[in-house]
1. Report the net charge of residues surrounding A:Gly143, where surrounding means a beta-carbon distance below 10 angstrom and charges are Lys +1, Arg +1, Asp -1, Glu -1.
2. What do the square roots of 5 times the Cα gyration tensor eigenvalues come to for region B:125-172, in whole Å, largest first, as semi-axes of the equivalent ellipsoid?
3. Treating the beta-carbon of each Lys and Arg as +1 and of each Asp and Glu as -1, no other charges, what is the dipole magnitude of region B:145-296 about its Cα centre, to the nearest 20 debye?
4. About the Cα centre of region A:94-190, what is the dipole size in debye to 20, counting +1 per Lys and Arg Cβ and -1 per Asp and Glu Cβ, all else neutral?
5. List the extent of the Cα atoms of region A:121-203 along each of their three principal axes, largest first, rounded to whole Å.
6. Carbon and sulfur: what percent of region B:247-381's accessible surface (1.4 Å probe)?
7. If the chain between B:Arg45 and B:Arg84 were fully stretched, how many nm would it gain, using 0.36 nm times the residue separation less the Cα-Cα distance?
8. When the Cα centres of region B:344-393 and region A:48-65 are compared, how far apart do they sit, in Å?
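The values are calculated or read from the model by the stated rules, or taken from the named source; none is laboratory data. Quick caveat: nothing in here was measured; it's all calculated off a predicted structure. Glycine also receives a Cβ, built like all others from the backbone with ideal geometry; neighbour counts cover every protein chain displayed. Note: areas computed on protein heavy atoms with side chains; ligands, DNA, RNA excluded. Shrake-Rupley method; radii C 1.70, N 1.55, O 1.52, S 1.80 Å.
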Amino acid sequence: MHFAFTDEQAMIAETAKTFFAENATSERTRAAMADTGIDKALWQAFTSELGLAGVAIPEALGGVGLGMVELAIFAEEAGRHTAALPLLASLGLAAPAILAGGTDEQKARFLPRIASGELMASFAAVNMGGTPGATLSDGTLTGAALLVPHGASTDLFVVAADNGVAIVERGALGLGITPLTSMDQTRPYARLDFGGVAVETLADPRAAVHAALTTGWLAIAADALGGAQACLDRTVAYTQERIQFGRSIGSFQAVKHRLADMMVAIEQARSAVYWAACAIDERSDEAAFAVHAAKAFACDTYTHCAGEMIQLHGGIGFTWEHDAHLYFKRARSNASLLGTPDWHREQVAGLAGLDDAA
Amino acid sequence: MKLGFSPEEEVFRAEAAAWLKAELEGAFADVRGLTSLTEMPERRRDWERRLGDAGWSCVGWPRAYGGRDATLAQQVIFAEEYARAGAPPRLNHIGIELAGPTILAFGSEEQKARFLPAIARGEEIWCQGYSEPGAGSDLANVRTRAWREGGDWVIEGQKVWTSLAQFSDWIFVIARTEEGSKGPKGLSFLLVPVDQSGVTVRPIHQITGEAEFNETFFDDARTAAESILGEPGDGWKVAMGLLGFERGVSTLAQQMGFRNELDAVIAAARANGEAKNPLIRQRIAKAEIGLKLMRYGALRMLTDAEGGRLNPSALTYKIQWATWRRDLGELAMDVLGQAGETVAGHEYAFPALPNLFLYSRADTIYGGTNEIQRNIIAERALGLPREPRGDLK
Ligand SMILES: Cc1cc2nc3c(=O)[nH]c(=O)nc-3n(C[C@H](O)[C@H](O)[C@H](O)COP(=O)(O)OP(=O)(O)OC[C@H]3O[C@@H](n4cnc5c(N)ncnc54)[C@H](O)[C@@H]3O)c2cc1C
């Protein structure tokens, strides 16, 4: 038992911190928001220059061969800067689906290109988010997926249809892609319509969906953790600078206590995220419980902290120019994507034995 | 990062579990499953002694002082097995968790040899004499005075809310030893025997109906000149060092107790159908998640402490567990419904869950109230300005 980063993990965390702080600036994120929602140069740098995009993809498939703890570290740092990247879509959802459910040939064909950044992929879970559904028959896919993260920009889609998991390439005949103006412009959604698209399927759809959701929930939770921490850090800094009534607003107890409550929640979210990451890596019996707990808790924490950030900044916090709304909107998107906190808690209730006989 | 335990650690677990089981199904079956601290004090003392004799009392302390030199992981494991076995809360928890670690950190060699083995063997029970009528959250405002007279310290004053003083042999007292000093200056940390004519203990009844805490009066009370931790005037430093120990491995043992309480709430919900109520399910899930996060938060904090790093998240632990338990008390009553508000017989003594609802109101008060915890977090962890001091008496 050693619940702290190893030296190697601490180094990775340092690298990730520096990389995102230097590159994922507010300016660049805003430029991406006004465009496709992806900072392509940043993605290029992250995948090819840093070479760490495939943290959780095996080395034989072009990845780095590390695990969920390392993936969470990157997601946390990306979240801290609301980086406009398909980190969740490509690495948190699509890649694990292919890794867990694809044939050796499919893995070899797709994963090295996802790890290198050459392919950006996304994932459509048609049964979550109120979508009408999509069905496979005779190698074709028919139906729709309503809310596909970064769907207007990605090259490849892993679609969890009602009766199997399909891989759909951008440009496939019969595939309609409609970009959607999205509240969170750092992770815009697109609608996909499948009009009898000829597709290939993954060999083990159950394993694919399970891996995608588990990794995706963890990545969202880690993003939420980083975002919430940024909300606290920036708000603490602001309340120390801003003077009203002849004192810094951070000296008012009403303000101090709210900041303290943010920290109390964030420290729990941090435990939740890294507990879940370890539990998945160690194949612990607690893994399912942990990842539901992390998704619910970290997303609630982010929502709370981003709201407090706006409130404690006053008017400036309500401007487009200030970054508070980037966090506030990403917090909203994180909370609703792939199961709300209430839904995840309901899963925990089941796992806690509430349905066992009295 | 690694959560699992090694095979050697699992061997240690099996050894601890086997010993606990044998005792609690054998000679100590009568104290198994007790939850209140005031029940069967004499048997509780026997249990403390038994733990001490077998070397299972203060497993993390050095062997030389009655401990077992256990590693952090072993301490964690023992805490888990202790609660899993249904062993009762430690009558001497203040000695084990507060007095002992403080003596280890600040005591002289003689003091360690004199006091620690007696705590580990359950021979001397301790209580904490900090709060006074005029010094609660503002602890530095203590008025109890002490001065040297020959080979003794003489103590005059009053402490209040002294938990378990009625069962204790020793009390550690913060007293003002520099005349005219104010605030944290001029205080000393004295170790005082309770059983003497100069010390009077009067129980105070709490909202639960029990009397766990007391008023403690010092009137020409005495202790030996050498019964002081640190130098005269160092009292505040020693007392603040002690606050750090309130967040040690004992938190994990405490959490296992919380586990039992939450299990009781779940059992009640399953029995009366509330387990199907979606609102109750949400709250139980929140409690489950909160409990796990306490555990993993504690493991983070302890891993860091073992590596010699102080994790600022340690400052968030008290408000976290206290609030969690208060919420659990409310949840327990909502699960039980009105049935939880009555009890058969004439004695004002409620069963475990309704009692939890009442008792947990103290959790957010003692050991630094939630508001004081927020001040501490804001000032020490976040670096915000300190609260201004007034000058009213
Ligand atoms: C069950 C129980 C057991 C206890 N056991 C012991 C023991 O063994 N030994 C011992 O020494 N003491 C013990 N205590 C005492 C406990 O530590 C004090 O009650 C506690 O420190 C609060 O002090 P107080 O009661 O004087 O409340 P006060 O300090 O008067 O506080 C009253 C209210 O004012 C708020 N407040 C005070 N100052 C501030 C501030 N600066 N900012 C914001 N809000 C503030 C508090 O949060 C609280 O809500 C025990 C208490 C209880 C309830």
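1. -2
2. For region B:125-172, the semi-axes come out at 19, 17, 7 Å.
3. My answer is approximately 1160 debye.
4. Taking the Cα centre of region A:94-190 as origin, the dipole is about 160 debye.
5. That works out to 37, 25, 21 Å along the principal axes.
6. Result for region B:247-381: 56 percent of the exposed heavy-atom area is carbon or sulfur.
7. Result: 12.0 nm gained on full extension.
8. If you average the Cα positions of each part, the centres end up 49 Å apart.
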